[in-house]
Every structure is written in structure tokens, then in C-alpha cells.
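Visitor: Attaching a single structure in C-alpha cells format; questions to follow.
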Amino acid sequence: MSFINFENISLTYRTKTQTIPIFDDLNLSIDKGEFVTVYGPSGKGKSTLLNLVSGFLRPDSGKIFVDGSDLCALSENEVCAYRNKRIGYIFQQFNLIYQFNVRDNVAVPLLLSGMKKYDIERRVDELLDMIGLSNRKNEYPRTLSGGEQQRVAFARAVANDPDIILADEPTGNLDSANGRKLIKLIKDLNTDKNITVLCVTHDARILEQSGSGGSRMIDIETITMQS
Amino acid sequence: MISVKYILALWKRKTLGQIIGFAYMVPLLLFVLCLLMTLLLPLTSDMIFYGNASYEYCYKMPCNIFSVYDRKTVPNETAYSLLHDKDRNALLYSDSAVVYTVNDKAMPDTSELRLYVARKDADLSGTIFTEENFTGKGTPYSNKYDGTSQLYVTHNTLKHLNADVGDTVITEYDSFAHISEDHAIRSVIAGTLKPEYDGSNNRSLAEYDKYSDFSALLTVDEELFFEIAGNDLSEIMTVVFSDEKSDFTDGEAQNITEEIRTDKMETLENTLRERRFVTKVVLRFAFSILVMAAALEMEYGFTRRRCEHDMTVFSMLGMRRSSVRRTIAVQVLIRFLISVAAAVLLCRYVYFRFISDMYCEPLLLLFIAASFVIAGTAYTVIRSLIKSLKGV
Ligand SMILES: Nc1ncnc2c1ncn2[C@@H]1O[C@H](COP(=O)(O)OP(=O)(O)OP(=O)(O)O)[C@@H](O)[C@H]1O
Ligand SMILES: [Mg+2]
């Protein structure tokens with residue numbers, strides 16, 4: 001079995017006024033260490049796909065296996081632990097906690113995992129070193145540039161050494177230089193640590209880069225019900 | 001852990017925003033607090049007053065002063081003409097002879113009487129009866145009436161002076177120029193004033209109580225009769241004197257004190273048990289709880305909206321739903337508790353001091369505030385429990 005397995009996944013969003021079918025009987029498998037780029041037009045279900053992998057959304061029917069365990073069978077606490085320890089999320093909007101300084105932002109997943117204070121401090125220092133923001137650890141996100149904020153978000157995503165990185169348009173709010181830098185960070189992680197990456201984008205640069213790296217491309221339109 | 005960090009960070013980074021965000025709760029809570037206070041205050045403060053009152057001291061005096069009521073109002077023309085012209089604000093009685101009609105009976109001529117009644121601090125212009133007036137504290141009063149003036153002050157004044165009933169104090173007072181060259185008189189603190197609570201402006205003198213916010217100066221010199229002016233002369237309450245009772249032993253005096261107390265307490269307890277009163281209390285409490293629940297629900301909505309982004313991020317990073325719920329609930333609770341505290345302070349120091357000008361019993365206020373805190377906390381806890389059972 002592959003590392004991530006979607007088996008007959010169906011999902012429909014239901015609001016008061018409408019029903020939006022996203023997936024019907026979707027089967028998809030992703031191997032460990034794969035770099036998967038999901039692309040395609042807006043509103044087709046790319047973010048939804050990532051949210052299924054993170055356990056944030058549950059499908060109406062079907063099963064999602066990650067590393068052999070059925071996400072839908074996990075209890076709420078187990079899903080939270082799974083999300084905390086095995087998933088690293090990077091968003092287009094960075095989604096930092098603006099009341100926290102850089103250090104505390106990076107520490108959030110570590111705090112949630114129940115790590116000891118001393119270990120947290122050490123790990124945070126290590127991560128800030130890695131992204132080159134050690135000297136700004138007491139600053140608040142609003143004083144950082146977009147690129148710096150996204151690097152903080154990256155450090156936060158990898159804090160717990162996840163197996164899977166879910167990146168939802170990570171370069172969407174970055175200029176090309178910063179975008180390239182971030183992609184390189186993610187790529188390095190993918191190759192050095194064999195971390196599985198699902199990266200949503202319509203950014204041509206990523207498509208090129210990942211394409212050249214021989215990674216897999218998924219056109220969302222080929223798997224979604226949204227037309 | 002992270003919830004605490006987050007809430008602390010919110011308060012640290014956006015203190016003003018936090019406070020403005022829930023300021024609306026304060027007037028709501030103040031309103032229900034005052035609603036309950038005005039209902040319960042007369043009875044409870046009476047109960048506390050009579051529970052603590054001691055009448056013994058009266059009986060040890062050659063005269064017995066049971067109760068003196070003071071109609072706290074600006075005197076009308078008649079009454080005013082009886083007052084000392086020098087200081088109309090101070091409502092000083094002159095030492096000239098005055099005969100009052102009380103309860104259709106003419107009071108004896110009090111030509112020898114030197115009686116000074118000062119009004120509440122705020123009403124005294126130029127002759128404010130304050131700590132500064134007291135230039136010194138004399139030796140404790142030796143039980144026997146020796147012609148010293150008697151002085152009735154408020155509990156607050158007593159505390160300021162660090163004095164007790166029975167102490168001799170020297171009062172310096174501008175308007176005493178005509179009776180004493182050094183503008184000062186010696187007097188014995190004979191009692192404190194019963195608090196005002198029901199708007200009728202009645203204050204009993206000569207009953208020793210610890211709860212009062214009324215500053216009055218009443219001095220009696222040599223004669224046993226005195227009177228206090230009111231808005232309407234026919235409404236002047238009597239001062240009851242009785243020479244007969246002046247030779248009570250300590251034991252007898254104590255018994256009478258007990259009798260009076262039991263009698264008053266019984267009347268009060270009966271009022272407390274009245275169906276109409278109980279219904280009123282229950283209804284007002286129920287209303288208060290409804291208002292609190294509405295305020296809390298509103299605050300839940302606001303808090304959830306305000307923290308939605310951060311809570312979603314926390315969930316994405318693996319925070320449990322129960323922790324998210326707790327983070328919200330704790331924030332709501334903190335704001336609620338701060339609002340209760342603010343409402344209590346406003347009630348005590350603004351409403352009861354400046355708006356209603358009523359005596360405010362601190363114990364009752366604390367009791368009601370505590371019941372609010374318990375009700376509000378219980379509400380949030382039960383709410384969280386229900387939500388977690390529903391798995392929302
Ligand atoms: N919680 C929700 N409830 C109802 N509808 C939703 C919900 N989340 C997403 N949708 C709808 O589902 C569709 C797919 O959403 P999704 O966010 O997955 O799109 P996307 O491919 O990520 O788009 P974009 O590129 O703009 O981010 C959209 O039409 C969206 O409106
Ligand atoms: Mg999206």
C-alpha cells in the first residue's frame with residue numbers, strides 16, 4: 001500500500017442554500033517521499049484535498065489511509081495528535097498568530113505536542129537558525145516582511161518533524177525571489193528527509209521546478225466533480 | 001498551557017481593545033446589581049444594624065435617648081428661622097430658646113440647651129465636619145455624664161478618628177466662635193448614625209452602629225432635651241428621653257438591649273418571609289440571571305468571531321476542539337469577571353454615592369456580586385459541558 005491512499009472518497013459540501021459536490025469515488029495514492037504538485041483553477045477543491053489529508057475534513061464516504069492507518073477511524077484526539085506530529089501545514093496567508101512573537105509562533109506545534117519547556121526552547125532556536133531569523137525571534141509577525149513571515153510559517157510547519165508537508169499556495173503572497181527560496185526549502189526537505197509533499201499551486205515557477213525534479217503533477221480538474 | 005499563553009498575549013498586546021470589547025457588559029451588570037441592591041438593601045442593612053447595635057450606652061447616661069430621627073432635607077422657612085443664621089448650610093441650631101411641637105405635644109422650653117447639628121459633610125460649607133476639625137482625642141469617657149457635649153458621628157468618621165463610642169474628642173469649628181473662644185468644644189462620642197437606605201432620609205441617632213456614611217454632629221450641652229429640624233416641623237421625630245431609666249445596672253441595660261434587638265429582628269424577619277417580598281427577590285434574581293446569560297452569549301459570539309482566525313490556525317496545528325472551546329470560554333469568563341468587578345465598584349462608588357445618595361451595605365454588595373460570579377461561572381461551565389457532550 002502507498003503512504004497516502006484515498007479509497008473511494010466522496011465529499012459534498014452542503015450549505016443552507018446549495019450543495020457543492022467536490023469528489024465522487026476518488027481514488028488516489030501517493031508514495032512516501034513523493035513531491036506532488038496539485039494545480040488547476042480556483043474553487044475546484046485543491047484546498048479540500050489537503051484538508052482531507054490533514055484530517056481536518058472527513059469525507060462523506062470512503063477511506064483515507066496514511067501510513068497504513070485509517071484517518072476516519074481515529075478519534076478526535078488521535079486526529080489532533082496526527083495533525084500535530086505528522087502534518088506540517090503552510091498557507092498562502094502565512095496564518096501566523098499575530099499576538100505571538102516569532103519564537104512563540106514557531107513554538108505553537110511544540111507546545112501543543114506537550115514537549116518540555118527546555119526542549120522547546122532548544123528546538124525553536126534550531127529552527128530559527130535554519131530559517132535565518134534568530135536575531136528577530138522577539139519581534140512580532142507584523143514587523144516582518146512577507147518572505148520572512150512565510151519562513152516563520154515554514155519553521156512552524158516542520159517543528160515537529162512531520163512526515164507530510166501540505167502547502168496551500170505557499171508562494172501566493174511572495175515575490176519571485178522569496179518564492180524560490182521557500183520552494184527550495186521545501187524541496188530540500190523533500191529530498192533530504194524523504195518527506196512527502198503535497199503542494200497546491202498555480203504558480204508556474206513551482207510547476208517548472210517540481211516538473212524538473214521529476215515530481216508528480218495532479219490536475220485537480222481530472223479528479224474533481226467541480227466543473 | 002498554550003491557551004494561557006495565548007490569552008496572556010491577547011491581553012498584553014491589545015489591552016485597550018480587550019477592555020473596549022466588553023465594556024458593554026458593565027452597564028448591563030450594573031443595572032441588575034442596582035436592581036437587586038435597592039430591593040435587598042433596606043432589610044439587610046437594618047438587620048446588620050440592629051444585630052450590631054448596642055443600647056447599653058444610652059442607659060448609662062443620665063438621659064436615655066432611644067431614637068432620634070433626622071429628616072435630611074433643607075429646612076423650610078419656619079425651621080430655618082430657628083437655625084443659627086451664621087451658617088445656614090451647616091444647619092446649626094442656635095443656643096436660643098426653642099420650643100418645638102412634636103406629635104402634638106409641646107416640648108419643654110430648652111432655653112439652656114446648646115444643640116448643634118451639622119449636616120452631611122457635603123452640605124457644610126466652610127464648616128466641614130471632617131477629620132481636620134478634630135484637634136485631638138481626649139481621655140475615654142468615664143461613664144458618668146459630666147456636662148460634656150455629646151457627639152454623634154458616622155461610622156466612617158469614627159474610623160477616621162480612630163475613636164470609639166465613649167471617647168472624648170475636641171472639635172474645632174468655625175461656628176463655635178460664639179460659645180467658645182478657641183473655636184473648639186470638647187464632646188463625648190455618644191453614638192453613631194444609622195445608615196440611610198430607603199430614601200426616606202430617616203437616620204436614627206444614638207443607636208450605636210458601625211455602618212453609616214452620614215456625618216452629623218450633634219452636641220448636647222447640659223440639658224436633656226434636644227430636637228432636630230426637618231423639612232416640615234410636624235414631621236420632626238421625637239427624641240425620647242426618660243429620666244427614670246437612668247440608673248440601670250449594666251445587666252438591666254443589657255437585657256433591654258437584647259429585648260429591643262429581638263423585637264426589631266423579628267419584625268425584619270417577618271418582612272423577609274412575606275410571600276410578596278420573596279417573589280420579588282426570586283423574580284429579580286431570575287431576571288438578573290437572564291441578563292447575565294444574554295451578556296455571556298453575546299460575549300461568546302464576539303470572542304469566537306474575534307479569535308476565529310487564530311483558533312482555526314491552532315486547530316490546523318493540532319489543538320483539540322475541547323482546548324479551543326476552553327480558550328474561548330476562559331476569555332469570556334475573564335471578561336465577565338472583570339465586568340462584575342467594575343460593576344461592583346461603579347455601584348458602590350458612583351451609583352450609591354452620587355446618584356442615589358444612599359447608604360450602601362458592603363456585605364450585601366459582595367454577596368450579590370459573589371452570586372453573580374457563581375452564576376456566570378456555572379453558566380460557562382455548564383455551557384462548555386453541554387457543547388462537549390454534543391461534540392460541537
Ligand atoms: N466549508 C465549506 N462549506 C461549503 N463550501 C465550501 C467549503 N469549503 C470550500 N467550499 C467550496 O468548495 C469548493 C472548493 O473549495 P476549495 O477551497 O477546495 O477550492 P480551491 O481549489 O482550493 O480554490 P482556490 O484555488 O481558490 O484556493 C469551492 O467552490 C468552495 O466554495
Ligand atoms: Mg484553496
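Visitor: Under a GNM of chain A (C-alpha, springs under 10 Å), which listed residue has the highest mean-square fluctuation: A:LYS117, A:LYS44, A:LYS32?
Guide: Comparing A:LYS117, A:LYS44, A:LYS32 in a Gaussian network model of chain A, the most mobile one is A:LYS117.
Visitor: Which value, in square angstrom to the nearest 100, describes the accessible area buried between chains A and B on both sides, using a 1.4 angstrom probe? Walk me through the numbers on the way to the answer.
Guide: Working: alone 10920 and 19710 Å², together 28490 Å².
The contact between B and A buries close to 2100 Å².
Visitor: Additional query: Trypsin sites (Lys or Arg not before Pro) within the stretch B:299-392: which are DSSP loop residues with at most 13 other Cβ atoms inside 10 Å? Kindly include the intermediate steps, with their values, before the conclusion.
Guide: Details: sites: B:ARG304, B:ARG305, B:ARG306, B:ARG320, B:ARG321, B:ARG325, B:ARG326, B:ARG335, B:ARG348, B:ARG353, B:ARG383, B:LYS387, B:LYS390; in loops: B:ARG320.
Qualifying residues, ordered by number: none.
Visitor: Sticking with this one: Summing -39500 (n - 2.57) over the DSSP H runs of n ≥ 4 in chain A and dividing by its residue number, what mean residue ellipticity at 222 nm do you reach, to the nearest 500 deg cm²/dmol?
Guide: Numbers: 7 runs with 85 residues, N = 227.
Calculated mean residue ellipticity at 222 nm is -11500 deg cm²/dmol.
Visitor: Helix A:176-193 against the longest principal axis of chain A: what's the angle in degrees, Cα atoms only, rounded to the nearest 10?
Guide: In chain A, helix A:176-193 runs at an angle near 80 degrees to the longest axis.
Visitor: Related question: Go ahead and set up a Gaussian network model of chain A, Cα springs under 10 Å, then flag whichever of A:ASN178, A:ASN77, A:ASN160 fluctuates most.
Guide: A:ASN77
Visitor: Taking R0 as 45 Å, what FRET efficiency do you get between B:PHE287 and A:THR19 from their Cβ-Cβ distance, rounded to the nearest 0.05?
Guide: Working: r = 44 Å, r/R0 = 0.98.
Taking R0 as 45 Å, the efficiency between B:PHE287 and A:THR19 is 0.55.
Visitor: Using the alpha-carbon atoms, what tilt in degrees (0 to 90, nearest 10) does helix A:146-158 show relative to the longest principal axis of chain A?
Guide: Result, in degrees: 70.
Visitor: Which residues belonging to the stretch B:305-349 lose at least 20 Å² of 1.4 Å-probe accessible area when the assembly is complete, relative to their chain isolated?
Guide: Buried by the other chains: B:HIS309, B:ASP310, B:VAL313, B:PHE314, B:SER315, B:MET316, B:LEU317, B:GLY318, B:MET319, B:ARG320, B:ARG321.
Visitor: Tell me the per residue accessible area of the stretch A:1-111 using a 1.4 Å probe; a whole number in Å² is fine. Working shown, then result.
Guide: Values: 4390 Å² over 111 residues.
Accessible area per residue, the stretch A:1-111: 40 Å².
Visitor: How many nm is it between the label spots at A:ASP31 and A:TYR118, if each spot is 7 Å from the Cα in line with the beta carbon?
Guide: 4.3
Visitor: Over the Cα atoms, compute the radius of gyration (one decimal) and Dmax (the largest Cα-Cα distance, rounded to a whole number) for the stretch A:67-126, in Å.
Guide: Here Rg and the maximum Cα pair distance are 13.5, 38 Å.
Visitor: So which residues in the stretch A:87-107 end up with at least 50 square angstrom less accessible surface once the other protein chains are there, compared with the chain by itself, probe 1.4 angstrom?
Guide: The answer is A:ILE97, A:GLN99, A:PHE100.
Visitor: For the stretch B:315-371, what is the accessible area per residue in Å², given a 1.4 Å probe and the full set of protein chains? Numbers along the way, then the final one.
Guide: Numbers: 2480 Å² over 57 residues.
Counting only protein heavy atoms, the per-residue value for the stretch B:315-371 is 44 Å².
Visitor: Cα gyration tensor of chain A, axes a ≥ b ≥ c as square roots of the eigenvalues: rounded (a/c below 1.5), prolate (a/b > b/c) or oblate? Provide the component values of the computation, followed by the final result.
Guide: Values: a/c = 1.70, a/b = 1.42, b/c = 1.20.
Taking the square roots of the gyration eigenvalues as a ≥ b ≥ c, chain A is prolate.
Visitor: Could I ask something else about it? Quick one: which residues, 5+ away or cross-chain, put their amide H under 5 Å from the amide H of A:THR37? H built at 1.01 Å from N.
Guide: A:CYS199, A:ARG216, A:MET217, A:ILE218
Visitor: Any chance you could check the stretch B:1-41 for residues losing 50 Å² or more of accessible area when the partner protein chains are in, compared with the chain on its own (1.4 Å probe)?
Guide: At a threshold of 50 Å² (probe 1.4 Å), the residues of the stretch B:1-41 that become less exposed are B:ILE2, B:LYS5, B:ARG13.
Visitor: In whole Hz and in residue order, list the ³J(HN,Hα) couplings for the stretch A:63-76 that follow from phi through the Karplus curve 6.51 cos²θ - 1.76 cosθ + 1.60, θ = phi - 60°; x for Gly and Pro.
Guide: 10, 10, 9, 10, 6, x, 9, 7, 4, 5, 8, 6, 6, 4
The values are calculated or read from the model by the stated rules, or taken from the named source; none is laboratory data. Here the structure is a predicted model, which means the values were calculated and not measured. Methodologically, a virtual Cβ is constructed for each residue, glycine included, from the backbone with ideal geometry; neighbour enumeration extends over all protein chains shown. SASA here: full protein model, heavy atoms, side chains in, ligands and nucleic acids out. Shrake-Rupley method; radii C 1.70, N 1.55, O 1.52, S 1.80 Å.
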